Amino acid sequence: MEMEMEFLRKLPTPSELKEEFPVSPQIVAVKTERDDEIRAIFEGKEDKLILVIGPCSADNEEAVIDYITRLRRVQEKVEDKIFIIPRIYTNKPRTIGVGYKGMLHQPDPEKEADMLKGIIAIRQLHKRAVEETGFTCADEMLYPENHRYLSDLLSYVAVGARSVENQQHRLTASGIGIPAGMKNPTGGDIAVMMNSIIAAQNGHTFLYRGWEVKTQGNPYTHAILRGYVDKFGRNIPNYHYEDLQNLLEHYEDANASGSTPLANPAVIVDTNHSNSGKQFEEQIRISKDVLHSCKVSSDIRRLVKGLMIESYLEDGSQKVGEHCYGKSITDPCLGWQKTEKLIYELAELW
C-alpha cells in the first residue's frame with residue numbers, strides 16, 4: 001500500500017535558498033565576530049552573562065525587528081557585562097501538535113500553512129535582524145534538517161525538551177559549529193539531558209538530508225534547565241542553588257567516568273516554562289535568584305553562562321487574530337518596560 005502522504009511540492013534545498021537570498025560580507029563579518037565572543041564566554045575566557053532573550057515565537061516581522069532594535073540600544077549600555085543573543089524562534093513545538101507552529105509553517109498566523117513562503121520568510125527575518133541591528137540570533141532546532149536554511153545567520157540553537165532524546169537532534173547538534181543548548185526533558189530527567197550533551201560533543205557519521213555526513217563533535221553543547229512537570233502534572237522548578245549544584249555534580253561525574261571529558265561545562269537557565277509555571281513576571285525574580293547563587297558559589301558562577309528569558313513589546317499573550325502589536329500569540333512574555341529594567345538590574349548584579 002502507498003504511503004498516505006500527499007507530496008505537495010519539492011522545496012528549495014538550503015544551498016538553493018542561500019543562493020537566492022545570500023548573506024553580505026557585512027553579515028559574515030558580524031557573525032564571525034559574535035561567534036568568537038560567544039565561544040570565549042563558554043570557554044571562560046570572557047566573563048559576560050549571555051541573555052538569550054525575545055519573544056516565545058517570532059510571529060510578526062515588524063514587531064520582532066522593532067523589539068530587537070530596542071534591545072540593541074540597551075546592549076550598548078551594558079556591553080561590558082552582558083552579551084545579548086535575541087530569540088527569533090521561527091518554528092514552534094506544539095505539545096499536542098495543533099495550533100500555530102511558527103513562521104516557518106505560517107508566515108501569516110491567520111492564513112493556511114505555506115512552507116515555501118515560510119522558509120523564505122524566516123531567512124529574510126534573520127537576515128534583516130543582522131543587517132539592521134548587528135545581532136546574530138538564536139532559533140530552536142525543531143527540525144534538524146531545516147537548520148541549514150539559517151546556518152550562516154544563527155549564533156545559537158536550542159534543542160527543546162521534547163526533542164532532546166531524539167537521535168537526529170543530537171547528531172545534528174554535533175556538527176553545527178555554534179553553541180547548542182540541550183533542554184532537560186519535560187519529565188525532568190537530568191541524565192537524559194547529560195546523555196544528549198555527551199552525544200553532541202562527540203563526532204558521528206550519519207544520514208542527513210540524503211547525504212552521508214561526518215561531524216567532529218560540538219564542544220559548545222551545554223545544558224538548559226527549564227523546569228519540568230511531575231507525574232501529577234505539577235510544575236517543578238530546577239533553577240535553585242541545589243539544582244545548579246546537582247548539575248555541577250552531574251558534569252563532574254560525566255567527566256570522571258567518560259573516556260573523553262566534556263568540554264566547557266555550562267548551563268543556561270530558562271526562566272520561563274516550568275521554572276516559572278508560565279507566570280511570565282516570575283522571570284524577573286528567577287533571574288535574580290540565579291545570579292544570587294552565582295554570588296554564593298564561584299563554581300556555580302563558572303557553570304552559569306546565561307539566562308533565557310521570554311520577552312516581547314507587550315506583557316502577556318493574546319489569541320491569534322486579536323492584533324495587539326508586539327504581544328505574544330503563544331506563551332505569555334515579559335513586556336518591554338519590565339525587560340529593559342531587568343537587563344540593567346542584571347548588569348548591576350553580574
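Each reported figure results from applying straightforward, stated rules to the coordinates on display, with no laboratory input. Worth saying up front: this structure is predicted, and the values here are computed from it rather than measured. All Cβ positions, even for glycine, are placed from backbone atoms using ideal geometry, and neighbour counts span all protein chains on display.
Diffusion coefficient (Stokes-Einstein, Kirkwood radius over C-alpha pairs, 25 °C, 0.890 mPa s) for the range 73-204: 155 µm²/s, rounded to a whole number. The distance from the alpha carbon centre of the range 236-268 to that of the range 124-185 is 22 Å, rounded to a whole number.
Taking 0.36 nm per residue of separation and subtracting the Cα-Cα distance, full extension of the segment from E252 to S151 would add 33.2 nm.
Normalised by residue number, the volume inside the convex hull of the Cα atoms of the range 14-349 is 128 Å³ per residue.
Taking amide hydrogens as placed 1.01 Å from N in the peptide plane, the amide H of N218 sits under 5 Å from those of Q201, N202, each at least 5 positions away in sequence or on another chain.
If amide H atoms are built 1.01 Å from N in the plane of the peptide, which residues on other chains or at least 5 residues away come under 5 Å of the amide H of A158? Residues meeting the criterion, in which the H sits 1.01 Å from N, are D139, E140, M141, G181.
Working note: Karplus 6.51/-1.76/1.60 with θ = phi - 60° gives the range 120-134 the couplings 5, 4, 6, 5, 5, 5, 5, 5, 4, 4, 5, 5, 8, 10, x Hz, where Gly and Pro are set to x. Using a cut-off of 21 Å between Cα atoms, the listed pairs K18/K117; K92/K117; K31/K101 include K31/K101 as exceeding that distance. Other residues lying with their Cβ under 11 Å from the Cβ of K48 contribute a combined charge of -2, Lys and Arg counting +1, Asp and Glu -1. Net charge dipole, the range 253-299: roughly 120 debye, given to the nearest 20, about the Cα centre with Cβ charges of +1 for Lys and Arg and -1 for Asp and Glu. Here the Karplus curve 6.51 cos²θ - 1.76 cosθ + 1.60, taken at θ = phi - 60°, turns the phi angles of the range 150-160 into couplings of 10, 5, 8, 10, 7, 10, 7, 10, 10, 9, x Hz, with x standing for Gly and Pro. Among K10, K77, the order by Cβ neighbours within 10 angstrom, fewest to most, reads K10, K77.
Neighbours of A158 by Cβ distance under 9 Å: Lys/Arg scored +1, Asp/Glu scored -1, total -1. Given their separation in residues at 0.36 nm each and the Cα-Cα distance between them, E345 and Q318 gain 6.9 nm when the chain is fully extended.
Put simply, the C-alpha atoms of the range 226-350 give a gyration tensor, and the ellipsoid matching it has half-axes of 30, 18, 12 Å, longest first. Rounded to the nearest Hz, the phi-derived 3J(HN,Hα) couplings of the range 322-335 under the Karplus curve 6.51 cos²θ - 1.76 cosθ + 1.60 (θ = phi - 60°) are 7, 6, 7, 4, x, 10, 4, 9, 10, 5, x, 10, 6, x, where x marks glycine and proline. Amide H to amide H distances under 5 Å link I236 with Y228, V229, D230, where only residues 5 or more positions off or on other chains count and H is placed in the peptide plane. Sequence-distant contacts, meaning Cα pairs under 8 Å at least 6 residues apart, place the relative contact order of the range 296-338 at 38 percent. For the range 14-349, the relative contact order comes to 17 percent (Cα pairs under 8 Å, sequence separation of at least 6). Cβ crowding within 10 Å, taken as a proxy for footprinting-reagent exposure, orders V229, V98 from fewest neighbours to most as V98, V229. Does the range 1-146 come out rounded, prolate or oblate by the C-alpha gyration tensor, with a ≥ b ≥ c the root eigenvalues, rounded set by a/c under 1.5 and, if not, prolate when a/b is larger than b/c and oblate if not? Judged from the Cα gyration tensor, the range 1-146 comes out prolate (a/c at least 1.5, a/b above b/c).
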